[in-house]
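The values are calculated or read from the model by the stated rules, or taken from the named source; none is laboratory data. This structure is a prediction, so every number in the text was calculated from the model and none was measured. Heads up, the Cβs are rebuilt from the backbone with ideal geometry, glycines too, and the neighbour counts pull from every protein chain shown. Calculation scope for accessible area: heavy atoms of the full protein, side chains included, ligands and nucleic acids excluded. Shrake-Rupley method; radii C 1.70, N 1.55, O 1.52, S 1.80 Å.
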Amino acid sequence: MKKTRLHLVWALSALGALACNSTKDAKKDNMEDGKTMEEMPVDPAHSSKNALDWNGTYQGTLPCADCDGIQTSVTLFESGKYNRTLTYLGKSDRGFTDNGDFTWNDAGSIVTLKAKDGQEQMYQVGENTLFHLDNAGKRIDGSLEEKYILKKNHMDPTLENKEWELVELMGEKVSFKEGQKKANITFHSELSRATGNNSCNVFTGSYELKPMGRIKLGGPAATLMACPDMEIADKFNQILTQVDNYAINEGMLSLNKARMAPLARFKLTSKEE
């Protein structure tokens, strides 16, 4: 009986030594040029570039040494292009917009925005998140860590990338006269911009979707052509500055303010149905 137990102890010891040596060998085999396992490249198939739905618009307010914050918006396109808007709060909201190309690192985890003036900015790409990196490509830590994060805009496929035609405005049905353009709006998810026609002029403006059907529309800019009938156009322009939430029910879109009656209602255009 004792011999059996002794043999069992020897067997377990041998297995333990084998497992230990196997682990060491595995670590050794996975070293390349002195790199630790933590430094080894990730599986390209599961990188941020290949595994995440990364294209879209990210927003946040970054710390600023001599202003109240840098309101930042970065849009990454699948084509490898980017748009960026920086607004310096507290300095008469002075800001600028630029665009250019971006590239991925070999691991498919970091993008580098290359401005036309030669300056570069790196971001680590996470799930619906961009981490603003320092000049060495490292995450910023410490008490300000959370302030160097840009969040991707909330998306709603039932609302976005569809053309919606105006059918009701401030509780009254809309009818367009012969030759008059039909008012419409489209929310473009990749650009986070709303575009359309107010029945006379084309318009464009930023928007941000939030959970629970909330929406924030930036002041839209429109062309200034005069039309024989401006009533619908003027009212449409007015409600776009008031909307703070939306709802979609049975293929109809309502743009609302608080819990009041819908400011405007839309239907999908025939080409979207």
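All of (1) over 14 Å from the mean Cα position of the chain (by Cα); (2) closer than 30 Å to residue 249 by Cβ; (3) surrounded by 15 or more Cβ atoms within 10 Å (Cβ to Cβ) hold for residue 153 with one exception: (1). Looking at the stretch 170-184 only, could you name the residues that are assigned to a loop (DSSP other than H, G, I, E, B) and out of contact with any Gly (no Cβ under 9 Å at 6 or more places or on another chain)? Selection gives 170, 171, 174, 175, 176, 177, 178, 179, 180, 181, 182.
Among the residues here, residue 105 does not qualify as surrounded by fewer than 14 Cβ atoms within 10 Å (Cβ to Cβ) and modelled with pLDDT of 90 or more.
Looking at the stretch 60-70, can you tell me whether even one residue there is modelled with pLDDT of 50 or more, out of contact with any Phe, Trp or Tyr (no Cβ under 7 Å at 6 or more places or on another chain), among the β-branched types (Val, Ile, Thr) and within 21 Å of residue 131 (Cα to Cα)? Yes, the conditions are met somewhere in the stretch 60-70. Would it be correct to say that residue 94 is open to solvent by 80 Å² or more (accessible area, probe 1.4 Å) and either modelled with pLDDT of 95 or more or of a type outside the set (Asp, Glu) (or both)? Taking the combined requirement at face value, the residue satisfies it. For the stretch 127-150, the set of residues classified as loosely packed, with under 11 Cβ neighbours inside 10 Å and within 15 Å of residue 61 (Cβ to Cβ) consists of 144, 146, listed by residue number. Would it be correct to say that residue 61 is surrounded by fewer than 16 Cβ atoms within 10 Å (Cβ to Cβ) and assigned to a strand (DSSP E or B)? Criteria met by residue 61. Sort out which residues of the stretch 110-126 are more than 14 Å from residue 82 (Cα to Cα), surrounded by fewer than 17 Cβ atoms within 10 Å (Cβ to Cβ) and at pLDDT 95 or above, and write them in order of number. Passing the criteria: only 126.
Of all residues in the stretch 172-214, those being of a type in the set (Ser, Thr, Tyr) and open to solvent by 70 Å² or more (accessible area, probe 1.4 Å) number 1. Of the residues making up the stretch 241-273, those that are more than 18 Å from residue 165 (Cα to Cα) and of a type in the set (A, V, I, L, M, F, W, C) number 3. Which ones in the stretch 191-240 are outside any strand (DSSP E or B), under 17 Å from the mean Cα position of the chain (by Cα) and not hydrophobic (A, V, I, L, M, F, W, C)? Listed by number, the residues that qualify are 192, 211, 213, 218. Sort out which residues of the stretch 220-240 are within 23 Å of residue 157 (Cα to Cα) and open to solvent by 40 Å² or more (accessible area, probe 1.4 Å), and write them in order of number. Correct list: 220 only. Among the conditions (1) under 27 Å from the mean Cα position of the chain (by Cα); (2) open to solvent by 50 Å² or more (accessible area, probe 1.4 Å); (3) under 30 Å from residue 74 (Cβ atoms), the only one that residue 265 does not satisfy is (3). Put simply, of 233, 222 the only residue that is in contact with a Cys (Cβ under 8 Å, 6 or more places away or on another chain) and farther than 16 Å from residue 160 by Cα is 233.
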